Amino acid sequence: MGCVYGKQNGAVGVQVGANSGAPQIPNYKQNTLDSNMGVAKGLLGVAGNPSVTVSYPSWNIIKEELQATHLDSKYRDPPKDDDLSDDTDDGYKYLRGGHPYSLPYVCERIGIKVIENYSDDVWLGQNGNRNTYLTMPSSKDTIRQLKVLIQQKLGVNTQNQCLRYQGILLENTNTLKSYNITNNSTIRLFIIGTQGGSIEQNLIDSIYLDPHWDRDYTNLTGEHIKQMRGGYQYYRPCGWKRIAIKVLGKYSDDKWLGRTGAEGEWAVTYHGTKQPVFEKICEEGYKVGPGAKFGRGVYSSPDINLAKFYATQFLINGVKYLGIFQNRVNPKGVKIEYAGKYWVCPDPNDIRPYGLCVKRC
């Protein structure tokens, strides 16, 4: 019986921040950038060894000049830009190429255009795919037995394996037959860390995900910090890990995702639900259900702790989790009820999920 699994992991970009480094980029001249608010010294003389030290709070000015002066747009890949300037080490172990990978905390990363620059994109991990063929003696074998074979083949410990087939997480005690896995079936293998891991990231098929925008708020406090989105206060999902959903370019524009209060920006709310509908919501959005206390519509709340009461627990390898969608809501298409705790969108087009927040129970 033949089975195929693909291994995915990876990241790419130029880290811009204190003592940052980067992969090879075009050879630029040495330069020093000055602004009225601070200084950034660029050491860009040797291709493959750039380093930019930023003295805050001049970063926004410097970033624009740095990108315009040193990174021609033909080399840049803006969707791979990342802002980790306000993030701290989450304590989890991430793997890239079988080795520990540390996120560039307290930095901003400018993405370099490298997709399809080489013979394949396997080296990038998350953007590539590698297949290995295994022979299973019987469809009555369990998922645990399959994991043992994978460990023997690639040396990936069974405890660090998360398997998915057609978008479904495979439980250790179930058989291949119970999932209708047959000859030439393709099973995806995700490698998770050993210190809490990132099994949550595998709740949804990768075609719906945008790992670039994942954020881990598990150990973060500061719900009281006032931030605004779409003219309303935004409460970060402290205590949760957010899995980003691929939404950039999905609609007529991306203004609704703004973070500066500009025209067209939408507010943030949370929606608790059950695990079997996660992928369906990612693919199709929300559907209006039967009428409730405040009328028909899609219900959500700016308070993730309230949304938690509407989420249903689910099991992954014996561990209980909760999942709550993070949304953007059109301020012009929402009814705000019960002292602001419940937001109702009669038209489901006025609420868009852009992240799934998960946590262990």
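The values are calculated or read from the model by the stated rules, or taken from the named source; none is laboratory data. Computed from a prediction, not measured in an experiment: that's the story for all the values here. As a convention, Cβ positions derive from the backbone with ideal geometry for all residues, glycine included, and neighbour counts pool all protein chains shown. Side chains included, ligands, DNA and RNA excluded: accessible areas come from the protein's heavy atoms. Shrake-Rupley method; radii C 1.70, N 1.55, O 1.52, S 1.80 Å.
General observations
- Tally, over the stretch 316-361, of residues that are without any contact (Cβ under 8 Å) to a residue 12 or more places away in the chain and either under 17 Å from residue 295 (Cα atoms) or touching a helix residue (DSSP H, G or I) at 6+ places or on another chain (Cβ under 6 Å) (or both): 2
- Residue check, residue 134 more than 27 Å from the chain's Cα centre (by Cα), surrounded by 13 or more Cβ atoms within 10 Å (Cβ to Cβ), assigned to a strand (DSSP E or B) and modelled with pLDDT under 80: yes
- When 327, 305 are checked against the criterion of being open to solvent by 60 Å² or more (accessible area, probe 1.4 Å) and of a type in the set (S, T, N, Q), 305 stands alone in meeting it.
- In this structure, residue 255 does not satisfy being of a type in the set (Lys, Arg), modelled with pLDDT under 95 and open to solvent by 60 Å² or more (accessible area, probe 1.4 Å).
- Only strands (runs of 3 or more DSSP E) whose full extent lies in the stretch 198-307 are considered here, and the ones with at least 3 residues that are closer than 21 Å to residue 348 by Cα and touching a helix residue (DSSP H, G or I) at 6+ places or on another chain (Cβ under 7 Å) are 267-272.
- Residue in the stretch 269-290 that is open to solvent by less than 90 Å² (accessible area, probe 1.4 Å), within 18 Å of residue 334 (Cβ to Cβ) and modelled with pLDDT under 90 present: yes
- Test: residue in the stretch 336-353 that is among the polar types (S, T, N, Q), farther than 30 Å from residue 144 by Cα and assigned to a strand (DSSP E or B): no
- Filter result (modelled with pLDDT of 75 or more and on the phi > 0 side of the Ramachandran plot) within the stretch 103-129: 116
- Subset of the stretch 309-324 (residues that are open to solvent by 70 Å² or more (accessible area, probe 1.4 Å) and not in a loop (DSSP other than H, G, I, E, B)): 309, 310, 315, 320
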